[in-house]
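The values are calculated or read from the model by the stated rules, or taken from the named source; none is laboratory data. Predicted model, so just to flag it, every value in this text is computed and none were measured. Because the Cβ atoms are built from the backbone with ideal geometry, glycine has one as well, and the counts that use them run over all protein chains shown. Protein only, heavy atoms only, side chains kept; ligands, DNA and RNA dropped before computing areas. Shrake-Rupley method; radii C 1.70, N 1.55, O 1.52, S 1.80 Å.
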Amino acid sequence: FHGIISREQADEILAGVEGAYILRESQRQPGCYTLALRFGNQTLNYRLFYDGKHFVGEKRFESIHDLVTDGLITLYIETKASEYISKMTTNPIYEHIGYATLLREKVSRRLSRTRNESRKASVTSEENTPVEKITSLVRRAALTQNDNHFNYEKAHNFKVHTFRGPHWCEYCANFMWGLIAQGVRCSDCGLNVHKQCSKYVPNDCQPDLKRIKRVYCCDLTTLVKAHNTQRPMVVDSCIREIEARGLKSEGLYRVSGFTEHIEDVKMAFDRDGDKADISASIYPDINIIAGALKLYFRDLPIPVITYDTYSKFIDAAKISNPDERLEAIHEVLMLLPAAHYETLRYLMIHLKKVTLHEKENFMNAENLGIVFGPTLMRPPEDSTLATLNDMRYQKLIVQILIENEDVLF
């Protein structure tokens, strides 16, 4: 640290020493600090910040030395290979299956061995193959060949990641440079790519069960793709149990079960997945199962009726002409992601069955709309006022979906 000195003084100190750096306090803005770095025969000045770690851009470092080292690597790569970097995404291995093609026979053999095993089995590459760093592409190729796989589109859930040891991008097959935060990793399927390559990766994420830690509070599409099902197994299991022994239960879905028992069911699904036991011998009160189903929908990070379509559904509900309203609702339904649409369709078929037993359970489509409106759809902004204003339209949407499920779906 050289105290308060000018840019010119910093330039003199660093002259002729490529890669050297000093820290200085700004003359114009006391209390602000600058990293002066010599690269390419010129002195580069960067505003330096500290919040427990040192940073210039978005990467944070334990020491200034690490920051400079990473910066020099990045500057060198971007200077010496700028033309190559600009072309990295023009002929990606990803779009041609690439490394996975070399393992087609190996994948086929593994599929034949693992088809009857748990979904948790994963395809890994052997040592000394040219593809040992492209494991998720191999896994994706394996899943594509599985005829029972449900092809719902899902975007990758990329997060900045620090790789230990050399890593290569699974999109362009080029080296991922730098000391930390060299690229991004999909937290659902494990795909590793450059940050700039992530913009070109298709929405074809195939979540790995090993990475999905729970059932509740998990994105709906992520869950069904990880378990290779049409709908979340919670929905299938709960509805199957309710239709077997609860359709005539008075106040079904309106009457609450004991909260601690509902939490037990949630924990059972999180722990055991589709093998969770929710039979009458364990939970004789059907309201516990109904409560667990409603809790699953409430806990979804993106509601069944998604944030993107929420306002369109509300606008459709406000249409006074019944035929036009029905047509508008149908158009918005077509905008839902496939897994959300299928889940909503299956639920509405079930709720229609519930209304057929209205004489016993006293639950008609309007009553179910009151219960499920706020459960299936929430406004994008967390506004109590918006929620209150929209409640009658939420109820109406669900009521119309139940009454017209045979037409709308």
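Highest mean packing comes first when the peptides 28-37, 265-274 are listed by Cβ atoms within 10 Å, giving 265-274, 28-37.
Can you figure out the FRET efficiency of E8 with A155, using R₀ = 41 Å and their beta-carbon distance, to the nearest 0.05? My answer for the efficiency is 0.25. With all protein chains kept in place, the per residue accessible area of segment 293-385 amounts to 46 square angstrom at a probe of 1.4 angstrom. DSSP beta bridges fully contained in the chain are about 90 percent antiparallel. Measuring spread by the Cα atoms of segment 202-268 yields a radius of gyration and Dmax of 14.9, 48 Å. Computed from the C-beta positions of D406 and K359, the FRET efficiency with R₀ = 25 Å rounds to 0.75.
Phi angles of segment 216-225 translate, via the Karplus equation with coefficients 6.51, -1.76, 1.60 and θ = phi - 60°, into HN-Hα couplings of 6, 6, 9, 3, 4, 5, 4, 5, 5, 6 Hz per residue; Gly and Pro are given as x. Distance between the modelled labels on K318 and D277, one decimal in nanometres: 5.2 nm (7 Å Cα→Cβ projection). Helical runs assigned H by DSSP (4 residues or longer) give the chain a calculated mean residue ellipticity at 222 nm of -13500 deg cm²/dmol, each run adding -39500 (n - 2.57) before division by the residue total.
A Förster radius of 25 Å, combined with the Cβ-Cβ distance separating Q42 from K87, puts the computed FRET efficiency at roughly 0.40.
Using 0.36 nm per residue and subtracting the Cα-Cα separation, the extra length available between K210 and I64 on full extension is 48.9 nm.
Which stretch or stretches of segment 338-373 have amide N atoms under 14 Å from the point lying 7 Å from M391's Cα along the Cα→Cβ direction? Under 14 Å, as judged by backbone N against the label point of M391, lie 369-373 of segment 338-373. With a threshold of 18 Å on the Cα-Cα distance, the over-threshold entries among K275/K352; K154/K225; K266/K353; K159/K199 are K275/K352; K266/K353.
Residues whose amide H lies under 5 Å from that of H156, counting only those 5 or more places away or on a different chain, are D204, C205; hydrogens are built 1.01 Å from N in the peptide plane. Residue-wise HN-Hα couplings along segment 35-40, as the Karplus relation 6.51 cos²θ - 1.76 cosθ + 1.60 with θ = phi - 60° gives them from phi, are 9, 9, 10, 8, 8, x Hz; Gly and Pro carry x. Using only Cα atoms, find the angle between the long axis of helix 365-376 and the longest principal axis of the chain, and express it within 0 to 90 degrees, rounded to the nearest 10. Tilt relative to the chain: about 10 degrees.
Amide hydrogen proximity for L48: with H placed 1.01 Å from N in the peptide plane, the residues at 5 or more positions away or on another chain lying under 5 Å are Y33, T34, L35. From the alpha carbon centroid of segment 244-281 to that of segment 323-340 is 30 Å.
According to the calculation over all Cα-Cα pairs in the chain, the P(r) per 10 Å bin from zero is 4, 17, 21, 19, 17, 13, 7, 2, 0, 0 %.
May I ask you to work out the translational diffusion coefficient for segment 7-85 at 4 °C, viscosity 1.567 mPa s, via Stokes-Einstein with Rh from the Kirkwood sum over Cα pairs, reported in whole µm²/s? Result for D is 97 µm²/s. Treating each Cα of segment 171-290 as one equal point scatterer and applying the Debye formula with no solvent, the log10 of I(q)/I(0) at q = 0.21 Å⁻¹ comes out as -1.14.
Per residue, the convex hull around the alpha carbon atoms of segment 158-211 comes to 75 Å³.
This model, with +1 at the C-beta of Lys and Arg and -1 at the C-beta of Asp and Glu, gives segment 286-370 a dipole about its Cα centre of some 280 debye. Under a 5 Å amide H cut-off, with hydrogens placed 1.01 Å from N, K195 pairs with V184 among residues at least 5 apart or on other chains.
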